[in-house]
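In what follows, a single structure is set out as structure tokens and then discussed.
Laboratory data are not the source of any read-out in this text; all were calculated from the coordinates shown. Keep in mind it's a predicted model, so treat the numbers as computed, not measured. Using ideal geometry, Cβ is built from the backbone for each residue, glycine included, and neighbour counts are taken over all protein chains shown.
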């Protein structure tokens, strides 16, 4: 910074300071992007993968020069709506659990889903992780039955693989899991593998929700 090597953690740069990495000046991005992608199954939400699996990032338009990252994640086998941006403040607010932004999923099981699953999922289930032994509470904000083997599940906080773990607890195999809504943003008829820009109305609504 300003020609010197920074060795102290927590050093801050002020307006006018010149910051370089490997001799290349670092400049603040002036163009911000906000996109919605319909992630197909078989893609991961990460910047790279040591296993060489396809990246959801690679489905975004190639002409964007800025580095984008996802707000939240969808696991490898799941599909549906995922948001991408290079606006760190926006991502931190929208992605934080305190924003209380609803995420809606359409979950299809391989056989009819018993009524006890949605009843207990809404009430709250304490399940133990088989690997770590830790117990976590899983609770859906609301559930609506679409068909004997299909539910609409709305989560607010959303823990890692929450829906899959609850269905596994009831010995149900998930045939497909698709996120169809994040707050005011709907997946709609956006084809798999295709992205679109968020509308000004969607951006304003997300900001309002995350600022509440």
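The residue 201 and residue 142 beta-carbon pair, evaluated with R₀ = 22 Å, returns a calculated FRET efficiency of approximately 0.40. Computed packing ranks the peptides 50-57, 164-171 as 164-171, 50-57, most packed first, by mean other Cβ atoms within 10 Å.
Label point of residue 9 set 7 angstrom out along Cα-Cβ; within segment 85-99, no amide nitrogen lies under 12 Å from it. Straightening the chain between residue 115 and residue 160 buys 13.8 nm, computed as 0.36 nm per residue apart minus the Cα-Cα spacing. Okay, which of segment 73-88 sit inside 14 Å, backbone N to the point 7 Å along the Cα-Cβ direction of residue 51? Inside the label zone: 75-78.
Potential lengthening of the chain between residue 150 and residue 67 amounts to 26.2 nm, from the contour at 0.36 nm per residue minus the alpha-carbon distance.
Comparing 11, 199, 132 in a Gaussian network model of the chain, where Cα atoms under 10 Å apart are tied by springs, the biggest mean-square fluctuation is seen for 11.
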